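See structure below.
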Amino acid sequence: MAVFPSVDWFDEVRNVFNADDRYRGAGGGYCNCVAGLKIADHVFVLTFDGVECSAAAEGDDGTLDDVDFYLDMSAADWRDMVGNIAANGAADLHHTLNTLDLDRADGLAMSRHGDQVREDLFFRYNQTLQFFFDASALVETAFA
Amino acid sequence: MADKAAAKPSPPDRPAPKPVPAKSTQSDEKRNFEPKYNWMDKTRQWGVRVKPGKAGLKLGDLNVGIYGETPTQWTDQSRNPRGAVPRRGMPPVGYAIRDKAGLWADCAADLYEEAIQRRWAPATDVPWDTIEPLPDDIEHALCQVCTELVSYANVDIETITGWQHQMSYGYHEVKQFLATASFDAARHYECFRKRALANGGGLGLEGPGMVNRMILESRGGWTEAVVYLLVLRGAFTLTLYRYLGRYAHNDAERFIFAHALADKARHVTYALDHLKYAVAHADDQLQVVRTLIAIGEGGLTRDLRDPVLREALAVIFGGGVAKAAHRGMAVYGEMMRDYVATYLGYCEWLGMPRDPARLPPPLNEFANPPDAGA
């Protein structure tokens, strides 16, 4: 059983996501970005290339300087989101990335480089990112 | 990143090999047909072999050698495809937009590919069967918002297509991307109309349309239209989609607003990239865009004073008429603050920061957090 958060867990989600053609049609598909995830003090980086998530890696706080955007939540909020997806098969309306972004005073998605076009990739690829996390419903998860 | 396309062009001055004409047959001779194949050496660069990368053979991958040359002004007035040999004596078409600064965005080719690959079909991709009856007040409100969004989409289509044919062929990446943007808008027109007619409601009251008129009647050039259509209105529509997705009543609405958001985000990306390019490459353009923004804000505020959209959104966000005045209007205020923050962020990034205090009312009311100055 993969432990969230870990590279192993993200790799398992990648395997599900990359193998499911449904995520490529109907508004999904082509996605080219590097997304950071700040999970309390842990930092992970997901690379989306073409129609697949090609890599997941662990980083450090400095890594977030270079990503297109990063999603920043407390460990409890991440756990709540992943747990909701596991329980429902996909995020319910209160746990989508869009809702989580709107419900936070400073937003969920942010960047340090100040490039608006790169930061807006969060909106352009929002559905693909949602598909990615929704794919975690098929990964047996233990929480660290 | 995907593999870069590779190309092995032959020297530009070396013509394509010219085959030796086959001997004519008796029947050819009867028709007095003597093929010369002299068009075969008419090429500016031969031997190009672009290769697909991980995401396929993309439009931007074709920009190799002379085929990637995009001069600051496109003087050819014909429909000659970029890189082809011009034919002498072609009558001019009369393109009005021939300066690269008037339309260019470096990201246009990638956005085109993205739009093509991320396309969706409202008829079959939206899970329409998840729509269930809603309370009358909420259905009324949603249909009213859809009515407004249909007219926004129509203005997108008319504005983009109205300028597209005036753009020089040499900048085909932009023309092709804008073709997808107008198709996106057609899709939005379609799906909002379908939502309004799918659940026992119908279309509501036409919006005041001050911004629509301002956008459609702008004559100062495509860049001016971009400011009004894709920055001022675009950022507003983007924010609307986000909140309507947040307060969706079923999977069909979630799907519609999430996907319309992605489409609109592409349009805004083009706009920001184009304006960044325009102000960097055209004299005085920074000041021109700054002036356009101030004019546009005035038009937008006239629309915002109309209560219909505001009330309909408050009903949706509040979960009905009973909670519209308090909870609904509070969420409407959050939405407007998000919109103004996004808009001011765009202005800042473009190098033309706006003083929130100088925004016209009611925009200035949303420029700060609700408790600011309390």
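For this structure, a couple of remarks:
- In order through region B:103-109: 3J(HN,Hα) via Karplus (6.51 cos²θ - 1.76 cosθ + 1.60), integer Hz, x for Gly, Pro: 8, 5, 8, 4, 7, 4, 5
- In this simple spin-label approximation, residue A:58 and residue A:74 carry label points 7 Å from Cα along the Cα→Cβ vector, and these lie 2.4 nm apart.
- Mean residue ellipticity at 222 nm, helices only, chain A: -9500 deg cm²/dmol; runs of at least 4 DSSP H residues each add -39,500 (n - 2.57), and the sum is divided by the number of residues.
- log10 of Debye I(q)/I(0), alpha-carbon scatterers only, for chain B at 0.09 Å⁻¹: -0.62
- Measuring spread by the Cα atoms of region A:2-138 yields a radius of gyration and Dmax of 13.6, 37 Å.
- Measuring only protein heavy atoms, the 1.4 Å probe finds residue B:34 accessible over about 110 Å².
- Summed over the residues of the protein assembly as shown and divided among them, the accessible surface reaches 45 Å² per residue at a probe radius of 1.4 Å.
- Long-range amide H partners of residue B:44 with built H, under 5 Å: B:85
- Pairwise burial B:A, computed as accessible area of each alone minus the pair, summed, 1.4 Å, Å²: 2900 Å²
- DSSP bridge pairs, region A:2-138: antiparallel proportion in percent, nearest 5: 75 percent
- Panel note: contact residues of region B:308-353 (accessible area lowered by at least 20 Å² against the chain on its own; 1.4 Å probe) correspond to B:346, B:349.
- Interface residues in region A:26-54 - accessible area drops by 30 Å² or more relative to the isolated chain, probe 1.4 Å: A:26, A:27, A:30, A:32, A:49
- Carbon/sulfur fraction of accessible area - region A:2-138, other protein chains in place, 1.4 Å, %: 46 percent
- Above 21 Å, the calculated P(r) of region B:226-309 contains 42 percent of its Cα-Cα pairs.
- For chain B, the 222 nm mean residue ellipticity estimated from helices alone, with every DSSP H stretch of n ≥ 4 adding -39500 (n - 2.57) and the total spread over all residues, rounds to -16000 deg cm²/dmol.
- All other residues whose Cβ lies under 14 angstrom from that of residue A:115 are scored, Lys and Arg at +1 and Asp and Glu at -1, for a net of -4.
The values are calculated or read from the model by the stated rules, or taken from the named source; none is laboratory data. Please read all numbers here as calculations on a predicted model, not as lab measurements. Virtual Cβ from ideal backbone geometry, glycine too; neighbours counted across all protein chains shown. Please note that ligands, DNA and RNA were not included when accessible areas were found on the heavy atoms of the full protein model with its side chains. Shrake-Rupley method; radii C 1.70, N 1.55, O 1.52, S 1.80 Å.
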